[in-house]
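**Student:** Before we start, here is the structure in question, set down as structure tokens.
Read-outs throughout are calculated quantities, based only on the coordinates presented, and are distinct from any laboratory measurement. Predicted model, so just to flag it, every value in this text is computed and none were measured. Reconstructed Cβ throughout: ideal geometry from the backbone, glycine too, with neighbour counts over all protein chains shown.
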Amino acid sequence: MKYLTIDTTTKITALSLGEEGKLISEGFLHTRKTHSERLIPMLEQLLIAADWELKDLDFIGVVNGPGSFTGIRIGISTAQGLSQVLKIPMIGIGSLDTLSWAGWGRKEDTVVILDARKNEWYSARYSWKDNRECLEPPKAASPEDLMIELTKLDKEFIFVGDAVPGAKEYLQKTLGEKAIIPLEYQYLPRGAYAAYEAWEKWNNKDITTDNYKVVEPCYLRLSEAEVNFKKKNVVN
């Protein structure tokens, strides 16, 4: 089976083409252009390079959050449009689960941290000792609260996610040698990670493909507009 993955949950546009769980090609762009400017041209380039056509795809995997509210909507709407036109199913995959593949084969716990703004991270913790195990499920928390949890554990941690660059010094100061920071190309979102996660989920799905017609965004918390709306209604 051939499939496409789309990840626009951060400032990085990451796409991949996969076949039977094997990565065929991936695209990675971290520029000032918006996802809407980069997404379709990148997809066209990947298809040409792989000598594929859209009609060859059997399903689409889209990363549905948590992450940037706008980015999530762009990714899902693009996947939804392609799914409807091509008449193929789509599946949603979590951004934190997807990035956990950066820790595959590592003995340390993998801690994914994404920038959630407002002095918070979207985070989750995983173990790859045997199969992947989610030790701490996705949540939005302050860096301080997360560090309190991790300092209690007698473990080493590899940190991945788009919050790593800004948090590197803080992590190493707080956790010392227990904090392991990989190279940038390893800790940022990549099409390859989504290719593995989408195939994993596709093969473990427990409902029919007829149900994969709508992918709901996973925000974990309310948007700024929703927060302001609730505050306004409470006052009134």
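**Student:** If you keep only loop residues by DSSP, which trypsin sites (Lys or Arg not before Pro) in the stretch 40-140 have at most 12 other Cβ atoms within 10 Å of their Cβ?
**Tutor:** Those that pass, being in a loop and sparsely packed, are 87, 107, 118, 129.
**Student:** Which whole-Hz ³J(HN,Hα) couplings does the stretch 59-70 yield from phi under the Karplus relation 6.51 cos²θ - 1.76 cosθ + 1.60, θ = phi - 60°, glycine and proline marked x?
**Tutor:** Per-residue couplings from phi come out as 7, 10, x, 10, 6, 10, x, x, x, 5, 4, 5 Hz.
**Student:** Please give the per residue volume of the convex hull enclosing the alpha carbon atoms of the stretch 96-187, rounded to a whole number of Å³.
**Tutor:** Cα-based convex hull of the stretch 96-187, divided per residue, equals 86 Å³.
**Student:** If we count every other residue with Cβ under 12 angstrom of residue 197's Cβ, Lys/Arg +1 and Asp/Glu -1, where does the sum land?
**Tutor:** Neighbourhood net charge equals 0.
**Student:** With +1 assigned to the C-beta of every Lys and Arg and -1 to the C-beta of every Asp and Glu, and no other charges, what is the dipole magnitude of the stretch 84-127 about the Cα centre in debye, to the nearest 20?
**Tutor:** 100 debye
**Student:** What is the Cα radius of gyration of the chain over 2.2 N^0.38 Å, N being its residue count?
**Tutor:** For the chain, the normalised Cα radius of gyration is 1.03.
**Student:** Where nothing but the Cβ of Lys and Arg (+1) and of Asp and Glu (-1) is charged, how large is the charge dipole of the stretch 96-187 around its Cα centre, in debye to the nearest 20?
**Tutor:** 40 debye
**Student:** Which value, in debye to the nearest 20, gives the size of the charge dipole of the chain about its Cα centre, when Lys and Arg are +1 and Asp and Glu are -1 at the Cβ?
**Tutor:** Charge dipole of the chain: 680 debye, to the nearest 20.
**Student:** Hey, another quick one. Just to check I understand the Karplus step: with θ = phi - 60° and J = 6.51 cos²θ - 1.76 cosθ + 1.60, what whole-Hz values come out for the stretch 99-105, glycine and proline as x?
**Tutor:** Whole-Hz 3J(HN,Hα) from phi for the stretch 99-105: 5, 4, 5, 5, x, 4, x.
**Student:** Let me ask something else. Evaluated at 10 °C with a viscosity of 1.306 mPa s, what Stokes-Einstein diffusion coefficient in µm²/s does the stretch 20-105 have when Rh comes from the Kirkwood expression over alpha-carbon pairs?
**Tutor:** Rounded, D is 112 µm²/s.
**Student:** Same structure, new question: Return, for the Cα atoms of the stretch 84-146, the radius of gyration and Dmax in Å, separated by a comma.
**Tutor:** 14.4, 46
**Student:** Then there's this: Using helices alone, I'd like the mean residue ellipticity at 222 nm for the chain: each DSSP H run of four-plus residues gives -39500 (n - 2.57), total over residue count, nearest 500.
**Tutor:** One gets -11500 deg cm²/dmol as the mean residue ellipticity at 222 nm.
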